[in-house]
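The next block holds one structure in the form of structure tokens; read it before the comments.
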Amino acid sequence: MLTPARAVLWTLAIAAIVRLVVIALRAPSPFLTVPVLDGAYYDAVARVLLADPSQLAALDGGFRPLLYPALVALAYAVAGDPALGMALALIAQHALGALTAGVVAALAMRLDDGRPASGLAAGLLYAFAGPAVFFEGELLITTLFVFLTALVTWRLAALGGADAMP
């Protein structure tokens, strides 16, 4: 029998498997550690945060928040090498994507009177969503933003009750 907890666990497991396959397929690519466009900006900010934060003004990106580059810098610091750190950051983003699928499942159940089938369906739709999985493999803020948005939405639904949601 499918319970709410099992629906979320199945969603997490399947989302993790999808992301592990994507990581395995992308691992040999030389582009894995070569960020472009916005990814290059986040990489540069992360490197500046590690080397000399007083030089941030030279990047002329004051309109962008620093939470995401700070997390990338943390991955670089933990790995000890920027190339390995970038791979670690991307793996962490894929893990965050799998967690997002679980949050989507929990949110769908909350909005549909606790029906586990709704949660499983919504979670699996996110787990297999091509754009989400693709952007999790890029050095971009999108994965963090979507996770935090889903988490806040789930929490607001929990605070207001499912009846308060349209």
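Contact map, segment 1-20: residues that are modelled with pLDDT of 90 or more paired with residues that are surrounded by fewer than 17 Cβ atoms within 10 Å (Cβ to Cβ), Cβ distance under 7 Å, separation 6+ or inter-chain. Pairs shown: 18/128. Figure legend. Inter-residue proximity from segment 96-117: first residues free of Cβ contacts under 8 Å to residues at least 60 places away in the same chain, second residues outside any helix (DSSP H, G or I), beta-carbon distance below 9 Å, spacing 6+ or different chains. Indicated pairs: 108/115; 110/161; 110/165; 111/165. Within segment 31-53, residues that are over 18 Å from residue 67 (Cβ atoms) and in contact (Cβ under 8 Å) with a residue 24 or more places away in the chain have Cβ atoms under 6 Å from residues that are open to solvent by less than 40 Å² (accessible area, probe 1.4 Å) and not charged (D, E, K, R) in these pairs: 33/86, counting only partners at least 6 apart in sequence or on another chain. If you go through segment 1-19 and keep only what is over 23 Å from residue 141 (Cβ atoms), within 19 Å of the chain's Cα centre (by Cα) and either surrounded by fewer than 16 Cβ atoms within 10 Å (Cβ to Cβ) or charged (D, E, K, R) (or both), you end up with 9, 13, 17.
Tallying residues that are farther than 20 Å from residue 20 by Cβ and in contact (Cβ under 8 Å) with a residue 24 or more places away in the chain within segment 146-166 yields 8. Every listed requirement among (1) under 16 Å from the mean Cα position of the chain (by Cα); (2) closer than 18 Å to residue 81 by Cβ; (3) open to solvent by 50 Å² or more (accessible area, probe 1.4 Å) is met by residue 30 save one, (1).
The values are calculated or read from the model by the stated rules, or taken from the named source; none is laboratory data. Bear in mind the structure is a predicted one, so any value in this text is a computation, not a measurement. Glycine also receives a Cβ, built like all others from the backbone with ideal geometry; neighbour counts cover every protein chain displayed. Just the protein is used for accessible areas: all its heavy atoms, side chains included, with ligands, DNA and RNA removed. Shrake-Rupley method; radii C 1.70, N 1.55, O 1.52, S 1.80 Å.
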